[in-house]
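I have placed the structure first, in the form of structure tokens, so that the comments after it can refer back to it.
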Amino acid sequence: MIIQLENIRQEILHTVDDIPEHLFNDRENEQTWSVGQVLEHLHKTEVEITKAIKYMLTLPEQEPLPDQPLKLTLDRSTKRMAPAAITPAIVVNKNDILQALSQSRNQLLQLIDSIPPEQDLTTRGFKHPVFPILSIKQWIEFVGYHEQRHLAQIFEIKQFITNESV
């Protein structure tokens, strides 16, 4: 689970590494996000999920929650509106957001590391905006699926901005 999170994050960082600051906030139109905005959305989402996991750990255990089909997250044919708490700003500084992503990932990993290995991560859950209640285990998995979804978006944006700047 952690390896998948780290692999996707490394692929995102590698993909955005060569995007210059002057193209980082470019977008195709007013209805689309820039690479910077996608990264800020990923950061804000990770922060909120870390908070949700902390909260779930305080809840009493219940019967194990059924797994939800998280792979549906990868289907980009259905557009989603980001809740206000995870909607990005219009302009994002590249270095600042890369540092913020590193910090939010470290906080999530520290929280996961603090959970005793014998604790069942399927017995506590929290509502997701698209799926029914997700267990802690699935919230952690969702981070990877969510980033993988947005990695495809970053590739599209990168192709557009690099073609436009030539």
If I go through the stretch 1-25 residue by residue, how many of them are in a helix (DSSP H, G or I), surrounded by 13 or more Cβ atoms within 10 Å (Cβ to Cβ) and among the β-branched types (Val, Ile, Thr)? 4
With respect to ASP75, determine if the residue is of a type outside the set (S, T, N, Q) and at pLDDT below 95. yes
Test LEU121 against the criterion of being closer than 16 Å to GLU48 by Cβ, surrounded by 13 or more Cβ atoms within 10 Å (Cβ to Cβ) and touching a strand residue (DSSP E or B) at 6+ places or on another chain (Cβ under 9 Å), and give yes or no. no
For the structure I just gave you, tell me whether ALA84 is loosely packed, with under 14 Cβ neighbours inside 10 Å, closer than 22 Å to SER34 by Cβ and not β-branched (Val, Ile, Thr). yes
Inspect the stretch 98-115 for any residue being under 28 Å from LEU65 (Cα atoms) and outside any helix (DSSP H, G or I) and give the result as yes or no. yes
Identify the single condition in (1) without any contact (Cβ under 8 Å) to a residue 12 or more places away in the chain; (2) charged (D, E, K, R); (3) part of a loop (DSSP other than H, G, I, E, B) that LYS51 does not satisfy, given that it satisfies every other one. (3)
Residues that are part of a loop (DSSP other than H, G, I, E, B), surrounded by 15 or more Cβ atoms within 10 Å (Cβ to Cβ) and in contact with an Asp or Glu (Cβ under 8 Å, 6 or more places away or on another chain): does the stretch 26-48 have at least one? yes
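The values are calculated or read from the model by the stated rules, or taken from the named source; none is laboratory data. Quick caveat: nothing in here was measured; it's all calculated off a predicted structure. A quick note on method: Cβ atoms are made from the backbone with ideal geometry, for glycine too, and the neighbour counts reach across all protein chains shown.
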